[in-house]
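Step one of this worksheet: look at the structure below.
Please treat every number below as a calculation from the coordinates, not as lab data. Keep in mind it's a predicted model, so treat the numbers as computed, not measured. Cβ coordinates were reconstructed from backbone atoms using ideal geometry, including for glycine residues, and neighbour counts include every protein chain displayed.
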């Protein structure tokens, strides 16, 4: 079984690098400066314990990788890039009823699998919990040890099979906590609910210990739970995940530097011009509009994140503690209820605020 890693960044690079270290046949499909660095120097994979430079083969397109029916494609791009990636995969896939390669959506959000199944027959979901960072061409960091992350895989929309079992076994041998599960999408919805805080982290940093940031996160996630309930969507039990998270370990410095931010934060830091908020907060907003559930916190966070990406704003533009109350205000009603109001600097200027 050969693994093609389409999008070898923070997640894809970690998966591909660890599989390569275990002797698996791996090809990285990258682009731009990242591709050039991979070809010239190999993949530099850093973790809290060691750094390895791995001569993983790298190519610039799906066509160059020449996928075979026995291959497994790990799709690890951000969702905003999935359409283009899937179009390339579909063009390289044999016409039915010929056997087709497997495509594993190792991505945040819950839309990628649906997009893939429109074009390809063998689609798998993967719930990803990997503290990866990709800010430099050719370099990927993993900020936990000795377990590199949690990766659960199953067929989409449900079920499992021998391919899922083999993928999970290979990832387990490579140092991940990996399971084949018939209900992978329930786990991905649980991860989606956690990820609605990504936009807040991108705008204000981690804000650990800040009560206002904690309340905003709590309310964004409460909206997410509410829309899933209204839509009848099954969400995995969060309590059952605690032991696995503890086993993965706490974040640790890599090269003496603590991990600064997650996937949305990194998109702003790298200045990509796009961000995945439409498929995180936007997924909650969509479900809310479909099922008549208000989602004002997620709507505002989605708007703020997209605005920051479009204007090339760096992450953490509101670093002083005094800025956060202006960015996200808690308004108390006469009945004691509270509503969160968020605003951008541009919005305050338009309103004539100081």
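Treating the angle as unsigned and between 0 and 90°, give the value, to the nearest 10°, between the Cα long axis of helix 211-231 and the longest Cα principal axis of the chain. It works out to around 70 degrees.
Simple spin-label estimate for residue 52 and residue 237 gives 3.6 nm between the two label positions (7 Å along the Cα-to-Cβ direction from each Cα).
With Cα atoms defining each centre, the range 4-24 and the range 168-223 are spaced 21 Å apart in the structure. In this calculation the C-beta distance from residue 312 to residue 169 is compared with R0 = 45 Å, giving a FRET efficiency of 0.55.
Relative to the longest principal axis of the Cα atoms of the chain, the long axis of helix 82-91 lies at roughly 20 degrees. For residue 208 and residue 272, a Förster radius of 25 Å and the Cβ-Cβ distance give a FRET efficiency of 0.45, rounded to the nearest 0.05. Taking the helices alone, the chain has a mean residue ellipticity at 222 nm of -12000 deg cm²/dmol, built from -39,500 (n - 2.57) per DSSP H run of at least 4 residues and averaged over all its residues. When the chain is treated as a GNM with alpha-carbon contacts under 10 Å, the residue of 309, 30, 226 showing the greatest mean-square fluctuation is 226. Looking only at 249, 209, 172, which one moves most when the chain is put into a Gaussian network model with springs between Cα atoms under 10 Å? For the chain, modelled as a Gaussian network with Cα springs under 10 Å, the answer is 209.
Measuring between their Cα centroids, the range 134-165 and the range 91-111 lie 17 Å from each other.
Taking 7 Å steps out from each Cα toward its Cβ at residue 121 and residue 135 produces label points 4.5 nm apart. The DSSP beta bridges internal to the chain are antiparallel in roughly 40% of cases. The per residue volume of the convex hull around the alpha-carbon atoms of the chain is 144 Å³.
Enclosing the Cα atoms of the range 7-146 in their convex hull gives a volume equal to 103 cubic angstrom per residue. For the chain, a Gaussian network of Cα nodes joined below 10 Å ranks 46, 244, 259 by mean-square fluctuation, and the top entry is 244.
For the Cα atoms of the chain, what angle does the longest principal axis make with the long axis of helix 281-291, in degrees from 0 to 90, nearest 10? The answer is roughly 70 degrees.
Highest average first, the peptides 210-222, 15-27 ordered by how many other beta carbon atoms sit within 10 Å of their residues are 15-27, 210-222.
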